[in-house]
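Pasting a structure here, questions to come.
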Amino acid sequence: MKKIEIKYILPAVAALILATSCTDLDVDIKSQLTKFPDTEAAIEAASADVYNAYRGAMGRDHWFVQTVSSDEAVAVSLGADYYDEGKYMQMHLHNWTPNNVMLGIFTPAMSGVTSCNTVLTMLDDDDSPNAAPIRAMRALYYFYLMDNFGGVPIVTTLVDENPQRATRKEVCEFIESELLAIRDNITTEVNSVTYGKPTRYMVDALLAKLYLNWAVYTASDVAFYEPTDNNPKLNDVVAMCDDVISSGKYDLSNGYREKFFPDNGSHIRDFIFVIEFDRERQLGMTYARFWIHRNCQKQFADLPQSVGGNMRILPEFYDKFNLEGDERNETILTGKQYYWENYQETDKAFTIETTPRGFDQDYSGADADDPFEWHLELTKEITVREDGKETLDCGNDLKGRSMGYRSIKFYMDTDVTAANERNQSNDVPVFRYADILLMKAEAILRGATATNGDTPASLLNQIRAYVGAPAFVGTPTLEDILDERAREFADESWRRNDLIRYGKFEDNWGFRGELYPQGLTEKFRRIFPIHIDVMNVNTHWSQNPGY
């Protein structure tokens, strides 16, 4: 491969040009690469932004958008705290607007595309093995963009002008073509070196996900998509899953809970592709901050900073965790609370010194300010105050703070320091072997040809076996697979995607039917609007229908 002399726009600057379409190109570029990176170390250094671009979004806003817009959870306000201009409430009620700040996830995804194009320009050979993982990452960024926003610009070079948006179908087909083009030219090694980087099996998993949702993504209008629509790619789902299965590189030998602890990593055999996080060097992962009860700063360790505690599992979703012996049940905090140590609950009660008025802000008895010790107890049901419906206010008292069960799947990083600012070291999986098994089961149920003696029941029961749940007897239905996906992938940002494919994104859960019943029929909300800041610059774009 020849060396070339090339000056290039730094990824951050190029991202600014593309994502916000800044037209002032008189920018002081502090550093430039003028020599082709011709060693693995040089290529790794040049590619850093490719893997960094979406880390912050995956660690917070992407997760919020996927999770709180689904039937998994609601993010409530506590008095005036955590209303935050309605950004969480809108996601739950399905009345979001283009002003919702969390829809800014468009920008880091498009920045990731720009970073990939920058590196590919440097490499100057899209067909090389070095280019393959960069193209795979670009396809992943386009997947995030397409899944959330529908049609977006397809850009494969560095640009300094506002590009046109392609249709969602065109983006879907572009992702497929890119992944098929690199599939035989990307590494099949699975080890600590390739951990967090694309491999052939990451490509397979992304293709399987794309194919399983093919009818959604290629619909002429997503509002008219029906789960019974023909999907011509179901056998391709099975083929991609079979390639991962037959590789022998992955299995379910790790315990369920340990896969999500802060010390997870390349030893987890279930992980096909992850976004890596480290509380000191790879920042942005903060799930536990929002899940842990606001008074429980010391329940898991002597945490140096407060926690938010506004995320709550919806009762309807919790009801799906109903299998006896299922290890996944242990990822949810319920009822009376105790101290934890070394990832295990102790028998030491977690108590809080309070008063009747501190427990219930509306209490007005003569003993309102008399202190007492209360054994913290989480309630399954979540009730919004009569005077707080417009903000989903549960009350900033102990009663309100204790409504709703909590996820500890991505267990708090107990080694965090004040300097780490609540960041966690838990790597976040994007694709897992367990997903491969359940995608294959679903594809067969939807009409794909079964292979290798697998049946939906045998595939599902591989999941049941490793988590200690009872085996499924008989032939599962699609609804059974969806419920298994709820248990297996809770808090992993796939629930919105699943509900749309199943035609259930408009179902009634939480407070939606009472506070925004229109959301039960507004099927245009299966994709989000482009954020207003992006639209204000790209004035030749049309906003997504309905917004």
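Scan region 77-134 for residues that are touching a strand residue (DSSP E or B) at 6+ places or on another chain (Cβ under 6 Å) and open to solvent by less than 10 Å² (accessible area, probe 1.4 Å) and report the count.
From region 77-134, those touching a strand residue (DSSP E or B) at 6+ places or on another chain (Cβ under 6 Å) are 77, 83, 88, 92; that's our starting set.
Narrowing the set further to residues that are open to solvent by less than 10 Å² (accessible area, probe 1.4 Å) leaves 77, 88, 92.
Counting residues in region 77-134 that are touching a strand residue (DSSP E or B) at 6+ places or on another chain (Cβ under 6 Å) and open to solvent by less than 10 Å² (accessible area, probe 1.4 Å) gives 3.
What residue, of 419, 441, 448, is surrounded by fewer than 21 Cβ atoms within 10 Å (Cβ to Cβ) and of a type in the set (A, V, I, L, M)?
On the way: 441 fails: surrounded by fewer than 21 Cβ atoms within 10 Å (Cβ to Cβ); 448 fails: surrounded by fewer than 21 Cβ atoms within 10 Å (Cβ to Cβ).
So the residue among 419, 441, 448 that is surrounded by fewer than 21 Cβ atoms within 10 Å (Cβ to Cβ) and of a type in the set (A, V, I, L, M) is 419.
Across region 212-247, what is the total count of residues that are open to solvent by less than 50 Å² (accessible area, probe 1.4 Å), in a loop (DSSP other than H, G, I, E, B) and more than 29 Å from residue 407 (Cβ to Cβ)?
Residues that pass the stated criteria total 5.
Hey, another quick one. Which pairs do you get when a residue that is small (Gly, Ala, Ser) and in a loop (DSSP other than H, G, I, E, B), found in region 363-378, comes within reach of a residue that is at pLDDT 95 or above and surrounded by 10 or more Cβ atoms within 10 Å (Cβ to Cβ), reach meaning Cβ atoms under 6 angstrom, with the pair 6+ apart or on two chains?
368/356; 368/357
Could we say that residue 467 is closer than 29 Å to residue 80 by Cβ, surrounded by 15 or more Cβ atoms within 10 Å (Cβ to Cβ) and among the β-branched types (Val, Ile, Thr) here? If you could, list the steps in order and put the result at the bottom.
Numbers: closer than 29 Å to residue 80 by Cβ: no; surrounded by 15 or more Cβ atoms within 10 Å (Cβ to Cβ): yes; among the β-branched types (Val, Ile, Thr): yes.
The answer is no for residue 467.
Looking at region 473-482, which of its residues are open to solvent by 40 Å² or more (accessible area, probe 1.4 Å) and either among the hydroxyl-bearing types (Ser, Thr, Tyr) or not in a helix (DSSP H, G or I) (or both)? Before the answer, list the steps.
Here is the first cut: in region 473-482, the ones open to solvent by 40 Å² or more (accessible area, probe 1.4 Å) are 473-475, 477-480.
Listed by number, the residues that qualify are 473, 474, 475, 477.
Check every one of the strands (runs of 3 or more DSSP E) wholly within region 279-358 and list those with 3 or more residues that are among the charged types (D, E, K, R).
Working: elements: 311-313, 338-341, 344-349, 351-354.
Those strands (runs of 3 or more DSSP E) span 344-349.
How do the helices (runs of 4 or more DSSP H) wholly within region 35-142 filter down when requiring 2 or more residues that are in contact with a Phe, Trp or Tyr (Cβ under 6 Å, 6 or more places away or on another chain): which remain?
Details: elements: 40-46, 48-52, 55-58, 61-68, 87-93, 106-123.
Ranges flagged: 87-93, 106-123.
Out of the residues in region 363-379 that are under 23 Å from residue 75 (Cβ atoms) and open to solvent by 60 Å² or more (accessible area, probe 1.4 Å), state the one that is nearest to the chain's Cα centre (by Cα).
As a first pass, look at region 363-379 and keep what is under 23 Å from residue 75 (Cβ atoms): 376-379.
This time we only want the ones that are open to solvent by 60 Å² or more (accessible area, probe 1.4 Å), so: 377, 379.
Working: 377: 29, 379: 26 Å.
The qualifying residue nearest to the chain's Cα centre (by Cα) is 379.
Follow-up question, since we're still on this one. Could you say which residue among 316, 327, 280 is among the acidic types (Asp, Glu), closer than 23 Å to residue 64 by Cα and in contact with a helix residue (DSSP H, G or I) (Cβ under 8 Å, 6 or more places away or on another chain)? It would help to see each step written out before you state the result.
Details: 316 fails: in contact with a helix residue (DSSP H, G or I) (Cβ under 8 Å, 6 or more places away or on another chain); 327 fails: closer than 23 Å to residue 64 by Cα.
Residue meeting the stated conditions: 280.
If a residue must be in contact (Cβ under 8 Å) with a residue 60 or more places away in the chain and among the β-branched types (Val, Ile, Thr), how many such residues does region 209-227 contain?
2
Any residue that is more than 21 Å from residue 212 (Cα to Cα), small (Gly, Ala, Ser) and in contact (Cβ under 8 Å) with a residue 40 or more places away in the chain - is there at least one of those in region 428-441?
Going through region 428-441, the residues more than 21 Å from residue 212 (Cα to Cα) turn out to be 428.
Restricting the remaining residues to those that are small (Gly, Ala, Ser) gives none.
No, region 428-441 contains no residue that is more than 21 Å from residue 212 (Cα to Cα), small (Gly, Ala, Ser) and in contact (Cβ under 8 Å) with a residue 40 or more places away in the chain.
Those residues that are over 18 Å from residue 106 (Cα atoms), touching a helix residue (DSSP H, G or I) at 6+ places or on another chain (Cβ under 7 Å) and either modelled with pLDDT under 95 or not in a loop (DSSP other than H, G, I, E, B) (or both), I need them from region 175-200; list them, please.
176, 178, 179, 182, 183, 185, 200
Given the structure, is residue 252 of a type in the set (A, V, I, L, M, F, W, C), in contact with an Asp or Glu (Cβ under 8 Å, 6 or more places away or on another chain) and open to solvent by 20 Å² or more (accessible area, probe 1.4 Å)? Full working, then the answer.
Values: of a type in the set (A, V, I, L, M, F, W, C): yes; in contact with an Asp or Glu (Cβ under 8 Å, 6 or more places away or on another chain): yes; open to solvent by 20 Å² or more (accessible area, probe 1.4 Å): yes.
For residue 252, the condition - of a type in the set (A, V, I, L, M, F, W, C), in contact with an Asp or Glu (Cβ under 8 Å, 6 or more places away or on another chain) and open to solvent by 20 Å² or more (accessible area, probe 1.4 Å) - is met.
Hey, another quick one. Can you give me the number of residues within region 503-513 that are touching a residue at least 24 places away in the same chain (Cβ under 8 Å) and assigned to a helix (DSSP H, G or I)?
Here the count works out to 1.
OK, next. Residues of region 517-541 being open to solvent by 40 Å² or more (accessible area, probe 1.4 Å) and within 28 Å of residue 504 (Cβ to Cβ), which ones?
Hits for region 517-541 are 517, 518, 520, 521, 523, 524.
Determine whether residue 399 is open to solvent by 40 Å² or more (accessible area, probe 1.4 Å) and in contact with an Asp or Glu (Cβ under 8 Å, 6 or more places away or on another chain).
yes
Which count do you get for residues in region 304-355 that are at pLDDT 95 or above, open to solvent by 20 Å² or more (accessible area, probe 1.4 Å) and among the small types (Gly, Ala, Ser)?
Going through region 304-355 one residue at a time, the tally reaches 2.
Could you please find all residues in region 401-448 being of a type in the set (D, E, K, R), at pLDDT below 95 and part of a helix (DSSP H, G or I)? Give the steps one after another, and end with the answer.
Residues of region 401-448 that are of a type in the set (D, E, K, R), as a first pass: 401, 406, 409, 413, 415, 421-422, 427, 432, 435, 440, 442, 446.
Filter once more, keeping what is at pLDDT below 95: 413, 415, 421-422.
Scanning region 401-448 gives no hits.
Do we find that residue 138 is surrounded by 16 or more Cβ atoms within 10 Å (Cβ to Cβ), touching a residue at least 40 places away in the same chain (Cβ under 8 Å), touching a Gly at 6+ places or on another chain (Cβ under 8 Å) and not hydroxyl-bearing (Ser, Thr, Tyr) in this structure? It would help to see each step written out before you state the result.
Details: surrounded by 16 or more Cβ atoms within 10 Å (Cβ to Cβ): yes; touching a residue at least 40 places away in the same chain (Cβ under 8 Å): yes; touching a Gly at 6+ places or on another chain (Cβ under 8 Å): yes; not hydroxyl-bearing (Ser, Thr, Tyr): yes.
Yes, satisfied.
The values are calculated or read from the model by the stated rules, or taken from the named source; none is laboratory data. Note that this is a predicted model, so its numbers are computed, not measured. Neighbour counts run over all protein chains shown; Cβ positions are idealised from the backbone, glycine included. Heads up: the accessible areas ignore ligands, DNA and RNA and are worked out on the full protein's heavy atoms, side chains in. Shrake-Rupley method; radii C 1.70, N 1.55, O 1.52, S 1.80 Å.
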